[in-house]
Amino acid sequence: MESMGNLHPSTLSTKDLHWRILWSKEKCTLCGRCTAVCPVQAIELGVHRKRAVNVSLGIKETPATAFTVYHGIDQRTDAAYACIGCAMCNLVCPNEAIIPVHNDEIDKQRFHINTGGVPRRRGGRRNSPGSLLDQIKFVRISMLTDPALDAGRHEFELRTLLGRILPAEEALLFSRENGWIPPVREIYPLLIGSMSFGALSPTMWEGLQMGIAYLNEELGMPVRMCTGEGGCPPRLLRSRFLKYVILQIASGYFGWDEIIHALPEMKEDPCAVEIKYGQGAKPGDGGLLMWYKVNSLIARVRGVPAGVSLPSPPTHQTKYSIEESVAKMIQSMYMAWGFRVPVYPKISATSTTNAVLNNLTRNPYAGGLAIDGEDGGTGAAYNVSMDHMGYPIASNIRDAYLNLVKIGKQNEVPLFAGGGIGKNGNLAANAAALIMLGASGVQIGKYAMQAAAGCLGSETDRCNVCNIGLCPKGITSQDPRLYRRLDPEKVAERLVDMYLSFDTELKKVVAPLGRSTSLPIGMSDALGIADKSAAERLQIQYVV
Amino acid sequence: MCRLFSITSRDPLSPMIALEALNVMKEGHDGSGVGLYLTDLGGEFAGYKHCPILSGIFTKEGLKKLNEYMTTRGFVAKHEVVIRPSMSPPTGTPRRDAYLFAVYEYPAEWMDLSREERSLRFMITRLQLRQMGIEDGGSMMIFSFWPDVIMLKEIGDPMEVADYLGLDKHRILARSMLAQGRQNTNYAITLYACHPFFIQGVATMTNGENTAFVPIREFLSSRNCPGYIGYQSDSEVFTHIMHYTHYRLGMGLEAYKHIITPLKDEELDRHPDGKWLRLLKHTCRPLIIDGPNCVMGFLPDKTMFVVQDSKKLRPGIVGGKPGLYAISSEMCGLDYVIPDRDKSQDFQPMKYDVVYVGPDRAEVKKWNQWETFTHPR
């Protein structure tokens, strides 16, 4: 018997794919825009031969077969070209003739995206729609002695601090004796977390920077953004806007040659320096900028050759132990700016967070700790790292805060939480919950990409091609044909909208709780959840 | 809403005057409890200025335990007033065996101790007795153990409780007093939740709700001060913050005000001491209060004060005449006690103000957060 020569183990049908393209022959104008825009060439022109049987009514003529040809769309079923569900085809179609939809069962393509023995890598998010943060409610509505506050009319002070804060006794003593008081920044509690120049396109970065400048200079909101590991454009380093930037140093030290050389020409100190030891999306793994995205501009800023993949090692080369590494690097970074800039580490949320934190409490220079939970996003990671590694942020930040309370240093080492904040759109509620669990502020990435730039990612494996430079919205691409789709002015405008609406929503959360004079850090009595074990774990109220 | 009355006078007064003021203001309180703080004592306690006075409620068993505890440690009772009510208690007031105010001579070996150490031991003695009472199911409730201070707390209508205890029959007089007329409503009802609160000469009571209570409590509880316990009321933290400011930071009322209600960041930019105040604000950030609150109290040196939180949604008025000043949550209370004062000099502190009357009771002093410090910092 003849073997089925064309059928091999990885032969898939459209039914086996994660995303299936629905196309309407009636509506299609054959304009070709969908095939042109598809970032992964999942669809191509299809020439279809169609048989028709013509049966006449009379008896003289026998039935005959006629063949026609029609043109349309073919969805490729090779896993390497599988549709990513971005729906750009739908966006550009003049007639709504095409749309990707989820298949009705778990796909088979996932078993075959390792051709050549390379496991799936992608960008984006964890693809887990659930969110514990979404379940947390604010239950302590101030009804007792006074009506709740008016979010629209009361004055609110909702800033937070970044930097090492001395105990009051020491601070007053040092103040009298002219001792060194660590630098502390008063900032807005919603930070844009580390997304590098390289991971993001130039237009996206420019848009974010413009938005931040506007928020600071026109609206008086001290919003800060972290560079991620990719350096900082030379002009920004030498501009007055540097003060709104948190420079990140990570294990690859990408971009630090440029930064160090720019030091004598800096007009302002940066807001802070973040030392990245880990991130939530790929805990314990290094950074990765794939070669597709390393163009000459990125290469110049990072001080590397163009067109090569840039993996940062998981560990810092100088690292013997976290104590030593943290201590050394924090000291070095402080020295670079004459002890005027706060320096703090960022780690992946982990069951060993408190060990790191305890170390920081004993290091008088550590200016805080950023903790990135399992829901953190990334530009590039192995699928297994994104989906299965890491620790949820809510319980990790709570543990860390309660640990600080136990040793009395809850005001000294501010905690910043990241990972999955606003993953389902509930940015202010998620941020407020984390603040009341003990965070001094929160860091976001994906939310800003979605709200300010229209990122198409979702928690059901949509798009996720941030890693290969094919971002159809131009957010994470270094290809000018793609990133020109993104107007930086519009990104800035949307970022400002996002912050203003967040600010209103945050007030709508804290005002009914009777809070306005300071950020309600650790106000856990306001929180409740309808999950008994979660309530016990977080030490908040169980409410049903 | 609580009704509060605070008074300071050159001449010793009966506590009944403060309770009568509460009664005048009764429209606004539910008569569910009474708390009294008396200091700068006259009457039969006048001669014991430097000896600690224990104030509390005891069962018969509790009195025995107390006696044994104090004797073992070398305390010698010098004078005491024990109220053992024989009548039926008013509605809502539990029957108690004894209300005790006892003056002790402290152990001879304490004479050589520094004042700080002695004051710490007074506090620890109070805490140990309080703990004994909690552990044995309520044989004693201890409100204060401090020289020249008497405290009383009870459930029930203030005037009815006073009549029941015959407060006017004893020669308990004081120049400075705090009186409060309601049980705690925010948390469980217990006498330890009843204002005023006291720690090492600092006493305060509050009209309001402190919505920042939990983070403040966590901060205070982690300061390693044995006295920062309790917190059955969200207002107890006001007393402890004052204590922290005074004892730990070595500062006074101005700093207290800047700690609990710091100026906003942009206000600090315009303040002559902005840099230093910003440091204070940063380092004491967890002590920033919230909610509407009017805090009145006494410092260890008998200075009477009142401050509002930065929202100023609570009433509070200061008035009087040289030698006699009062702070009242309602003007009618003040009118009742000092009707012949110059009312044009009455003052209702607003969000930036600190108002105080020094131990000389000569005048009402006003200070606000835009001014420079008058006390050492």
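Could you list all residues from segment B:90-118 that are assigned to a loop (DSSP other than H, G, I, E, B) and without any contact (Cβ under 8 Å) to a residue 60 or more places away in the chain?
Within segment B:90-118, B:R95, B:R96, B:D97, B:Y106, B:P107, B:M111, B:D112, B:L113, B:S114 meet the criteria.
Within segment A:407-421, identify whether any single residue is closer than 22 Å to A:I84 by Cα and not acidic (D, E), and answer yes or no.
yes
In segment B:258-274, which residues are in contact (Cβ under 8 Å) with a residue 40 or more places away in the chain and not in a helix (DSSP H, G or I)?
Correct list: B:T261, B:L263, B:H271, B:P272, B:D273.
Residues in segment B:231-250 that are outside any helix (DSSP H, G or I), over 18 Å from A:T517 (Cα atoms) and within 10 Å of chain A (Cβ to nearest Cβ): how many?
Qualifying residue count for the region: 2.
Grab the strands (runs of 3 or more DSSP E) fully contained in segment A:150-204, keeping just those with 1 or more residues being within 30 Å of A:G474 (Cα to Cα).
A:185-187, A:190-192
Considering only segment A:1-51, state which residues are crowded, with 18+ Cβ neighbours inside 10 Å and more than 28 Å from A:T115 (Cβ to Cβ).
Correct list: A:C28 only.
Quick one: in segment B:280-298, of everything that is out of contact with any strand residue (DSSP E or B) (no Cβ under 7 Å at 6 or more places or on another chain) and either of a type in the set (V, I, T) or in a strand (DSSP E or B) (or both), which residue is farthest from A:R164 (Cα to Cα)?
Once the filter is applied, the top-ranked residue is B:I289.
Before we move on, is B:Y228 within 14 Å of chain A (Cβ to nearest Cβ) and touching a strand residue (DSSP E or B) at 6+ places or on another chain (Cβ under 9 Å)?
yes
With the requirement that a residue be small (G, A, S), outside any strand (DSSP E or B) and either crowded, with 22+ Cβ neighbours inside 10 Å or under 15 Å from the mean Cα position of the chain (by Cα) (or both), what does segment B:201-230 give you?
B:G201, B:A212, B:G227, B:G230
Anything in segment B:81-137 that is surrounded by 17 or more Cβ atoms within 10 Å (Cβ to Cβ) and of a type in the set (S, T, Y)? List them, or say none.
Residues satisfying the conditions are B:T93, B:Y99, B:Y104, B:Y106, B:S119, B:T125.
For A:I136, work out the one condition from (1) in contact with a strand residue (DSSP E or B) (Cβ under 9 Å, 6 or more places away or on another chain); (2) outside the structural domain of A:G376 (by TED's automatic domain parsing); (3) of a type in the set (V, I, T) it doesn't fulfil.
With respect to (1) in contact with a strand residue (DSSP E or B) (Cβ under 9 Å, 6 or more places away or on another chain); (2) outside the structural domain of A:G376 (by TED's automatic domain parsing); (3) of a type in the set (V, I, T), A:I136 is out only on (2).
Kindly list, by first and then second residue, each pair from a residue in segment B:62-89 that is among the aromatic types (F, W, Y) to a residue that is assigned to a loop (DSSP other than H, G, I, E, B), limited to pairs with Cβ atoms under 9 Å and residues at least 6 apart or on different chains.
B:Y69/B:F75; B:F75/B:Y106; B:F75/B:P107
Go through B:L253, B:L299, B:L313, B:L324 for me and flag whichever is closer than 23 Å to B:P196 by Cβ, within 12 Å of chain A (Cβ to nearest Cβ) and of a type in the set (A, V, I, L, M, F, W, C).
Answer to the check: B:L313.
Residue by residue, here is whether (1) at pLDDT 95 or above; (2) under 16 Å from A:I444 (Cβ atoms); (3) touching a Pro at 6+ places or on another chain (Cβ under 9 Å); (4) in the same structural domain as A:F416 (by TED's automatic domain parsing) holds:
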{"position": "A:R224", "(1), (2), (3), (4)": "yes, yes, no, yes"}
{"position": "A:I249", "(1), (2), (3), (4)": "no, no, no, yes"}
{"position": "A:G252", "(1), (2), (3), (4)": "no, no, yes, yes"}
{"position": "A:E258", "(1), (2), (3), (4)": "no, no, yes, yes"}
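Just wondering, is there one or more residues in segment B:287-300 that are loosely packed, with under 15 Cβ neighbours inside 10 Å and assigned by TED's automatic domain parsing to the domain that holds B:K26?
Checked against the condition, which is being loosely packed, with under 15 Cβ neighbours inside 10 Å and assigned by TED's automatic domain parsing to the domain that holds B:K26, segment B:287-300 yields no hits at all.
Which of the residues that make up segment A:390-444 are more than 30 Å from A:T460 (Cα to Cα), in contact with an Asp or Glu (Cβ under 7 Å, 6 or more places away or on another chain) and either outside the structural domain of A:E374 (by TED's automatic domain parsing) or part of a helix (DSSP H, G or I) (or both)?
If the condition is that a residue be more than 30 Å from A:T460 (Cα to Cα), in contact with an Asp or Glu (Cβ under 7 Å, 6 or more places away or on another chain) and either outside the structural domain of A:E374 (by TED's automatic domain parsing) or part of a helix (DSSP H, G or I) (or both), then A:V405 is the only one that fits.
Which condition breaks for A:A80 when tested against (1) of a type in the set (A, V, I, L, M); (2) closer than 30 Å to A:S309 by Cα; (3) in a helix (DSSP H, G or I); (4) at pLDDT 95 or above?
All conditions pass for A:A80, except number (4).
Could you name every one of the helices (runs of 4 or more DSSP H) located completely within segment A:468-544 that has at least 3 residues being of a type in the set (A, V, I, L, M) and crowded, with 21+ Cβ neighbours inside 10 Å?
A:488-510
Please note which helices (runs of 4 or more DSSP H) are completely contained in segment A:270-389 and include at least 2 residues that are closer than 21 Å to A:I421 by Cβ.
Filter on segment A:270-389 gives A:353-362, A:383-388.
If B:L277 meets every condition in (1) surrounded by 23 or more Cβ atoms within 10 Å (Cβ to Cβ); (2) more than 9 Å from chain A (Cβ to nearest Cβ); (3) of a type outside the set (F, W, Y); (4) in a helix (DSSP H, G or I) apart from one, which number is that one?
The one condition B:L277 does not meet is (1).
Can you name the residue in segment A:320-361 that is more than 19 Å from A:Y391 (Cα to Cα), of a type in the set (D, E, K, R) and in contact (Cβ under 8 Å) with a residue 12 or more places away in the chain and is also surrounded by the most Cβ atoms within 10 Å (Cβ to Cβ) among such residues?
Restricting to residues being more than 19 Å from A:Y391 (Cα to Cα), of a type in the set (D, E, K, R) and in contact (Cβ under 8 Å) with a residue 12 or more places away in the chain, the top hit is A:E323.
Any residue that is closer than 20 Å to B:P15 by Cβ, in a loop (DSSP other than H, G, I, E, B) and either of a type outside the set (D, E, K, R) or touching a helix residue (DSSP H, G or I) at 6+ places or on another chain (Cβ under 7 Å) (or both) - is there at least one of those in segment B:305-320?
Looking through segment B:305-320, none of the residues is closer than 20 Å to B:P15 by Cβ, in a loop (DSSP other than H, G, I, E, B) and either of a type outside the set (D, E, K, R) or touching a helix residue (DSSP H, G or I) at 6+ places or on another chain (Cβ under 7 Å) (or both).
Check A:A492 against each of (1) away from every other protein chain (no Cβ under 14 Å); (2) in contact with a Phe, Trp or Tyr (Cβ under 7 Å, 6 or more places away or on another chain); (3) at pLDDT 95 or above; (4) within 23 Å of A:G278 (Cα to Cα) and name the one condition it does not meet.
For A:A492, the exception is condition (4).
Would you say A:L133 is assigned to a helix (DSSP H, G or I) and either buried (at least 17 other Cβ atoms within 10 Å of the Cβ) or at the interface with chain B (Cβ under 10 Å from one of its Cβ atoms) (or both)?
So A:L133 passes the test.
Buried (at least 22 other Cβ atoms within 10 Å of the Cβ), closer than 20 Å to A:A370 by Cβ and either away from every other protein chain (no Cβ under 12 Å) or among the β-branched types (V, I, T) (or both): is that true of A:L162 in this structure?
When the stated conditions are applied, A:L162 does not pass them.
Quick one: how many residues across segment B:302-322 are under 24 Å from B:L263 (Cβ atoms) and charged (D, E, K, R)?
Residues that pass the stated criteria total 4.
Yes/no matrix, rows are residues, columns are (1) under 32 Å from the mean Cα position of the chain (by Cα); (2) in a loop (DSSP other than H, G, I, E, B):
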residue	(1), (2)
A:I21	yes, no
A:K27	no, yes
A:C31	no, yes
A:L45	no, no
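The values are calculated or read from the model by the stated rules, or taken from the named source; none is laboratory data. For clarity, every value in this text was computed on a predicted model and none was experimentally measured. As a convention, Cβ positions derive from the backbone with ideal geometry for all residues, glycine included, and neighbour counts pool all protein chains shown.
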